[in-house]
Amino acid sequence: MANWPLNIQPQRFSFVFVLLQNKMTLQEKLGKAIVQLRKQRGLAQEKFAIDAEIDRRYMSDIENGKRNISIDVIERLAKSFGISVSEL
């Protein structure tokens, strides 16, 4: 067999790919949770960002897992959803 990077043989590649794909950062997990909650409530991103007093571009970065947000921002997001921080 050919030498594969990281000693990954072809028959094992799909399993390794699935494992790598499931390694989301905390920011990405939080972003996905925010998107889900926002869409469940039928809120547009811009409207939700205004309600939470967050710039829409910053909100987009949060939802895409590109921002490491402060506890203050997390609290504003939870308050805008009408839930506790722990429920977020």
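The values are calculated or read from the model by the stated rules, or taken from the named source; none is laboratory data. None of these values were measured; they are calculated from a predicted model. Virtual Cβ from ideal backbone geometry, glycine too; neighbours counted across all protein chains shown. Calculation scope for accessible area: heavy atoms of the full protein, side chains included, ligands and nucleic acids excluded. Shrake-Rupley method; radii C 1.70, N 1.55, O 1.52, S 1.80 Å.
Could you work out the local net charge near G31, counting Lys and Arg as +1, Asp and Glu as -1, over the other residues with Cβ closer than 9 Å to its Cβ? Once positives and negatives cancel, what remains is +1.
Computed with a 1.4 Å probe over protein heavy atoms only, the accessible surface of the range 38-84 comes to 65 Å² per residue.
Global size of the range 23-88: 10.6, 31 Å for Rg and Dmax (C-alpha atoms, Rg to one decimal, Dmax whole). With the whole protein complex present, R38 retains an accessible surface near 20 Å², based on a 1.4 Å probe. For the pair D61 and R76 in one chain, pulling the backbone fully straight at 0.36 nm per residue adds 3.8 nm over the alpha carbon distance.
Annotation: for a label point projected 7 angstrom from Cα along Cα→Cβ of E28, residues of the range 58-80 with backbone N closer than 14 Å are 63-67.
When E53, E28, E63, E46 are compared by accessible surface with a 1.4 Å probe, the order from highest to lowest is E53, E46, E28, E63.
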